[in-house]
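The values are calculated or read from the model by the stated rules, or taken from the named source; none is laboratory data. Note that the structure is a prediction, hence the values are computed from the model and not measured. Cβ atoms come from the backbone with ideal geometry, glycine included; neighbour counts cover every protein chain shown.
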Amino acid sequence: MRDDDTTPYTPPAVWTWNKASGGRFANINRPVAGATHEQELPVGRHPLQLYSQGTPNGVKVTVLLEELLAAGHDGAEYDAWLVPIGEGAQFGSGFVAVNPNSKIPALVDRSGAQPVRVFESGAILLYLAEKFGAFVPAAGAPGRAECLSWLFWQMGSAPFVGGGFGHFYAYAPAKIEYAIDRYAMETKRQLDVLDRRLAESRYVAGDAYTIADMAIWPWYGQLALGELYGAGEFLQVQAYRHLQRWTAEIAARPAVRRGRMVNRTADGPAGQLRERHDARDFDTPPKAPA
């Protein structure tokens, strides 16, 4: 659909769900919450149980967990269970009990007397960073406000990239010029925000690598690499040279390389570790099912 499409649309007085929305995710979109089926969640042997898929939001958490382990925090050992969102697994009763919003990732911390559920990727990052006293400045310490500001910037900004630009550019059943232009403009503005920030500091929140970087990189770093929506050339991501410098530095971290593999279902089995239950799983990751 282009600007010269004169097909009129007048919103009804009351919107009703009476037809599929179309597009790649039409089979799982619905205007109500809650479980669609009974399905218990598996529980492994580690205190931290992650239920996720290797989308950008899922990668945030597995990168942090791998960074914590690399830094010597043995209590960060975890089981990562694949929740295939394209199949609607996030609407199983067990998952909904952990995250009423039915979005990955979701975490259950079983290290205490009672299990603690944590949902929303930014909340999980902050919970784990504070639990282990790593990758976030302590309360009252210099840099904490900057770190949290960028963490919440990502949580508020990325939906315009994913549900906005990504949806209309890659997944919508029709190419709508106005929608693509609107969200491409906002995505490029956000890339410019980051590029300007990274012109003045090594990492997003300053001189230290923090959960702000781990939250932002899976979205904007992978976009800068041309690995998100196949839109690198369209958005001219190479022009953001400070963002490119930061992207390459983060991508080279061994924990980031491992974290990107966990619960991954895209791009062939060589880079996938669909479930992770032990650090040794990276040595011979199981192949994806045929």
Unmet criterion (only one of (1) assigned to a helix (DSSP H, G or I); (2) of a type in the set (A, V, I, L, M, F, W, C); (3) buried (at least 19 other Cβ atoms within 10 Å of the Cβ); (4) within 18 Å of the chain's Cα centre (by Cα)) for residue 228: (1)
Neighbours by Cβ (under 8 Å, 6+ apart or cross-chain): first from the range 1-23, exposed (fewer than 10 other Cβ atoms within 10 Å of the Cβ); second of a type in the set (Asp, Glu) and at pLDDT 70 or above: 2/177; 3/177
Subset of the range 24-44 [loosely packed, with under 12 Cβ neighbours inside 10 Å and either of a type in the set (Val, Ile, Thr) or over 23 Å from the mean Cα position of the chain (by Cα) (or both)]: 32, 37, 38, 40
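For (1) surrounded by fewer than 16 Cβ atoms within 10 Å (Cβ to Cβ); (2) within 27 Å of residue 149 (Cα to Cα); (3) modelled with pLDDT under 95, each residue gets a yes or a no:
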residue: 219; (1), (2), (3): no, yes, no
residue: 224; (1), (2), (3): no, yes, no
residue: 233; (1), (2), (3): yes, no, no
residue: 236; (1), (2), (3): yes, yes, no
residue: 258; (1), (2), (3): no, yes, no
residue: 263; (1), (2), (3): no, no, no
residue: 267; (1), (2), (3): yes, no, yes
residue: 272; (1), (2), (3): no, no, yes
residue: 286; (1), (2), (3): yes, no, yes
Residue list for the range 1-44, filter: modelled with pLDDT under 80 and basic (Lys, Arg): 2, 19, 24
Of the criteria (1) assigned by TED's automatic domain parsing to the domain that holds residue 197; (2) in contact (Cβ under 8 Å) with a residue 60 or more places away in the chain; (3) in contact with a Gly (Cβ under 8 Å, 6 or more places away or on another chain), which one residue 265 fails: (1)
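Results for (1) out of contact with any Lys or Arg (no Cβ under 9 Å at 6 or more places or on another chain); (2) within 22 Å of residue 98 (Cβ to Cβ), shown as yes or no for each residue.
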position: 10; (1), (2): yes, no
position: 18; (1), (2): yes, no
position: 24; (1), (2): yes, no
position: 36; (1), (2): no, yes
position: 42; (1), (2): yes, yes
position: 47; (1), (2): no, yes
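Regarding residue 95, is this residue in contact (Cβ under 8 Å) with a residue 12 or more places away in the chain, over 15 Å from the mean Cα position of the chain (by Cα) and at positive phi? Can you show your working first?
Details: in contact (Cβ under 8 Å) with a residue 12 or more places away in the chain: yes; over 15 Å from the mean Cα position of the chain (by Cα): yes; at positive phi: no.
So residue 95 does not fit the description; no.
Being outside the structural domain of residue 162 (by TED's automatic domain parsing), without any contact (Cβ under 8 Å) to a residue 24 or more places away in the chain, in contact with a helix residue (DSSP H, G or I) (Cβ under 7 Å, 6 or more places away or on another chain) and among the aliphatic types (A, V, I, L, M) is true for just one of 83, 59, 118. Which residue is that?
On the way: 83 fails: without any contact (Cβ under 8 Å) to a residue 24 or more places away in the chain; 59 fails: without any contact (Cβ under 8 Å) to a residue 24 or more places away in the chain.
Result of the check over 83, 59, 118: 118.
Which one is farthest from residue 120 (Cα to Cα) among residues in the range 142-162 that are modelled with pLDDT of 95 or more and loosely packed, with under 15 Cβ neighbours inside 10 Å? Show your work before the answer.
Filtering the range 142-162 for residues modelled with pLDDT of 95 or more gives 143-162.
Narrowing the set further to residues that are loosely packed, with under 15 Cβ neighbours inside 10 Å leaves 145, 149, 152, 156, 159.
Numbers: 145: 20, 149: 16, 152: 12, 156: 12, 159: 13 Å.
Ranking the qualifying residues of the range 142-162, first place goes to 145.
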From the options 103, 131, residue that is in a loop (DSSP other than H, G, I, E, B) and among the basic types (Lys, Arg): 103
Within the range 164-208, considering residues that are assigned to a helix (DSSP H, G or I) and among the small types (Gly, Ala, Ser), the one surrounded by the most Cβ atoms within 10 Å (Cβ to Cβ): 166
Filtered residue count, the range 69-86, keeping only those that are over 18 Å from the mean Cα position of the chain (by Cα) and in a helix (DSSP H, G or I): 5
